Amino acid sequence: MTAPAVHLASVGTCLPGDPVDNATLAKLVGIDEQWAEMFIGNTARHFAVDLATGQVRDTLADIAAAAADRALAQAGLDAADIDCVVMGTATPDQLMPATVNLVADRLAIDNVPTYQLQSGCAGAFQALDVARSLLLAERCATVLVIGGDVCAKHLETDYDPASRSSAELVNYALFGDGAGAAVLTADPLGESLAVRQILNRLVGLGREPGQVIDWFGLGDRHSDRTAVFEDYKAIESAVPLLARQMFWELLDDVGWRAEQVDYLLPPQLSARMSERISAAMPAPDAVRVNVVGSVGNNGNALPFLQLAELLQRWRGPGRVAAVAVESSKWIKSGLALERI
């Protein structure tokens, strides 16, 4: 039986500022250029903060609104056509008001439901899942879905590089900032790009978090807790297995065989790790869509950047399996697309 579908009408993205290559990063924060290339593999990333001065150039709301505006324009829609807005992010501009509402205000969207999901790399899939559920339940006809993160505000620039361990320096080479958006509709706008299924599974029972981004208020701002923690070895060990599990769960749910998958969007952690995960994934003939190496790990923006790259390449009918894994408390997610 064909899985019930909603439709992907458009995708828009936004990357702040100019790309920061490894040579520039080495000068600004003391990262070893060869180490960044060998260990991480990312060649560039974008930051909403000027690392040289510490000046904030863009907020998450800024770049999310730009991405959403591009998605609306690509779909040929305006604010009055949107019935709901859903956003996934791990790094909102403030705890209140929710960034999704700031973005909606900038787009002149009003008097509609809005939802913001606090999540890491799986947040974009969770936001898409909420949108799909609302569309299938006929509570909405057109939903704007947004994902993005500004990680640079958690990175210190005024420090002695010699005082930092590799575990701390990895964040500078690994992460970047960005935003993406998509318009999902109950009925196709033009050609049919069907969203067949979206799965999200929490699989962290009894497991220590692989990533922590802490929050400090006035009362505990002098705490000695680490603001950002990344257990890279645990992530490197767990993510390939979780990615393969989700791939097979997704295909089983929609009734596809691995050889029927034309494009594979693998988890995007770093260029090196994504290459290894991609190579070990099933569907050997599927075209891999990897973008993290040139944009950095910008969290909830990455799935939209993958989709934008996919849509530039994809011609004719075909099937797509996308997988994301969040290491914070271990979530595996999957997305199945089909062009009729």
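Note down all Cβ pairs under 8 Å where the first residue falls in region 247-272 and is more than 14 Å from residue 335 (Cα to Cα) and outside the structural domain of residue 37 (by TED's automatic domain parsing), the second is among the hydroxyl-bearing types (Ser, Thr, Tyr) and outside any helix (DSSP H, G or I), and they're at least six residues apart or on different chains.
So the pair list comes out as 271/43.
If you take the residues of region 294-340 that are without any contact (Cβ under 8 Å) to a residue 60 or more places away in the chain and either charged (D, E, K, R) or touching a Cys at 6+ places or on another chain (Cβ under 7 Å) (or both), which of them is surrounded by the most Cβ atoms within 10 Å (Cβ to Cβ)?
Only one residue tops the list, namely 309.
Somewhere in region 140-148, is a residue part of a strand (DSSP E or B) and at pLDDT below 95?
Within region 140-148 (the criterion being part of a strand (DSSP E or B) and at pLDDT below 95), the answer is no, since none of the residues qualifies.
Within region 38-58, restricting attention to residues that are under 22 Å from the mean Cα position of the chain (by Cα) and in a helix (DSSP H, G or I), which residue is surrounded by the most Cβ atoms within 10 Å (Cβ to Cβ)?
Looking at residues that are under 22 Å from the mean Cα position of the chain (by Cα) and in a helix (DSSP H, G or I), I get 40.
Counting just the residues of region 108-141 that are β-branched (Val, Ile, Thr) and within 21 Å of the chain's Cα centre (by Cα), which one comes out surrounded by the fewest Cβ atoms within 10 Å (Cβ to Cβ)?
The selected residue is 114.
Select, from 210, 180, the only residue that is in contact with a Ser or Thr (Cβ under 6 Å, 6 or more places away or on another chain) and over 24 Å from residue 229 (Cβ atoms).
180
Which residue is surrounded by the fewest Cβ atoms within 10 Å (Cβ to Cβ), if the candidates are limited to region 209-265 and must be aromatic (Phe, Trp, Tyr), more than 20 Å from the chain's Cα centre (by Cα) and under 24 Å from residue 199 (Cα atoms)?
248
Check region 157-173 and report whether any residue there is of a type in the set (A, V, I, L, M, F, W, C), modelled with pLDDT of 85 or more and under 22 Å from the mean Cα position of the chain (by Cα).
For region 157-173, residues of a type in the set (A, V, I, L, M, F, W, C), modelled with pLDDT of 85 or more and under 22 Å from the mean Cα position of the chain (by Cα): absent.
Do we have residue 61 as touching a helix residue (DSSP H, G or I) at 6+ places or on another chain (Cβ under 8 Å), at pLDDT 95 or above and either surrounded by 18 or more Cβ atoms within 10 Å (Cβ to Cβ) or assigned to a loop (DSSP other than H, G, I, E, B) (or both) here?
Taking the combined requirement at face value, the residue satisfies it.
Quick check on my filter: what residues within region 204-245 are in contact (Cβ under 8 Å) with a residue 60 or more places away in the chain, assigned to a loop (DSSP other than H, G, I, E, B) and of a type in the set (A, V, I, L, M)?
227 - this is the single residue of region 204-245 that is in contact (Cβ under 8 Å) with a residue 60 or more places away in the chain, assigned to a loop (DSSP other than H, G, I, E, B) and of a type in the set (A, V, I, L, M).
Need the failing condition index for residue 188 against (1) assigned to a helix (DSSP H, G or I); (2) of a type outside the set (A, V, I, L, M, F, W, C); (3) modelled with pLDDT of 90 or more, just the number.
(1)
Here is a list: 93, 78, 50. Which entry is among the charged types (D, E, K, R) and out of contact with any helix residue (DSSP H, G or I) (no Cβ under 7 Å at 6 or more places or on another chain)?
Just one listed residue meets the conditions, 50.
So, residue 26, is that one touching a helix residue (DSSP H, G or I) at 6+ places or on another chain (Cβ under 6 Å), in a helix (DSSP H, G or I) and surrounded by fewer than 22 Cβ atoms within 10 Å (Cβ to Cβ) or not?
Judged against the criteria, residue 26 is a match.
Does residue 111 qualify as being in contact with a helix residue (DSSP H, G or I) (Cβ under 6 Å, 6 or more places away or on another chain), over 29 Å from residue 254 (Cβ atoms) and not small (Gly, Ala, Ser)?
no
Every residue in region 307-321 that is touching a Gly at 6+ places or on another chain (Cβ under 9 Å) and in a helix (DSSP H, G or I), please.
307, 308, listed by residue number.
The values are calculated or read from the model by the stated rules, or taken from the named source; none is laboratory data. Just so it is clear, the structure is predicted and the values come from calculations on it, not from any experiment. Heads up, the Cβs are rebuilt from the backbone with ideal geometry, glycines too, and the neighbour counts pull from every protein chain shown.
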